[in-house]
């Protein structure tokens, strides 16, 4: 079973709630202004966001829908097509391709989103594409974080640069990139400590890592990925806004997209920031990370093939 088949199963709960919610709204064989307002409100409650919900409402109102067809299915189809048109430009599979020269990636996010696990999964995909990969254990606040990243490095057989707990995170990242350049690595993935976006001192330290890397490679970091937890709902928007102020984000990874999560937040994020979506994560297994595919995501979210 492919991961998007798992997503489809995982999203059955969300999609079922979406369909049943629409059916409760559309009790007549027509969609009038009152129903359109209810649909918009329902989509906003599903974390789709005000802007996307308003656009979907406008599309539905302008589309001639055959009253002899199932209106709920027709609206789900409109939603699927909207998701594809919105998100197709945000696919970024080139991120995982083999690079000709070193590509350094700073991975960030708040506490508990699954950064270290995500780095391990990304590393596995990069390695499978022929990249020589190194991890940098720059989350030096927790010994457990260093150990966890080392376990991933051993599991997928890639190199790691680490130090002891309490070491300067920027120095670990610098040593990793220096070693990677000298030994012809293609990819360095830099783990950073989980930090709340409103803690100024932690965010300044995060910025320091990027500044120190530029001393050895003026283009570093080449990527800045923000890992997001789908169960965080609208708080995700605030996280993106605050992290983006410190170092411009070049892509996002959304984790914990299972039946308990409202996948609609990904639409709100795509509409507001138009950031490349690197990958989606469903579970804890090392193969539970999938390169983002707008069409497959839309199918899973709406359950429309």
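Structure values in brief
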quantity	calculated
C-alpha long axis of helix 169-182 to longest principal axis of the chain, angle in °	80
Folded to 0 to 90 degrees: helix 50-62 orientation relative to the chain principal axis, Cα	40
Simple spin-label estimate for residue 97 and residue 68 in nanometres, 7 Å along Cα-Cβ	4.8
Rh (Kirkwood; distinct C-alpha pairs) - the range 167-305, Å	16.6
Global form of the range 54-212, assessed from the alpha-carbon gyration tensor, a/c cut-off 1.5	prolate
Residues 118, 72, 218, sorted so that the one with the fewest Cβ neighbours within 10 Å comes first	218, 72, 118
Which of 142, 175 has the fewest Cβ neighbours within 10 Å, and the rest in rising order	142, 175
Value of relative contact order over the chain, rounded to a whole percent, pairs C-alpha under 8 Å and six or more apart	28
Per residue, the convex hull volume that the Cα atoms of the range 122-243 enclose (Å³)	118
On Cα atoms only, tilt of 12-25 relative to the major axis of the chain in degrees	30
Calculated diffusion of the range 76-166, Stokes-Einstein form, Kirkwood radius summed over Cα pairs, 10 °C and 1.306 mPa s, µm²/s	105
Protection proxy ranking of 109-115, 226-232 - average other beta-carbon atoms within 10 Å, highest first	226-232, 109-115
Rounded to 5, percent antiparallel among DSSP beta bridges of the chain	10
Cα convex hull of the chain - mean projected area over all directions, nm²	15.7
Share of pairwise Cα separations in the range 157-228, more than 13 Å, in percent	67
Mean ellipticity per residue at 222 nm, deg cm²/dmol - from DSSP H runs of n ≥ 4 across the chain, formula -39500 (n - 2.57)	-15500 deg cm²/dmol
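Read the figures in this text as sums done on the coordinates, not as results from a lab. Here the structure is a predicted model, which means the values were calculated and not measured. Virtual Cβ from ideal backbone geometry, glycine too; neighbours counted across all protein chains shown.
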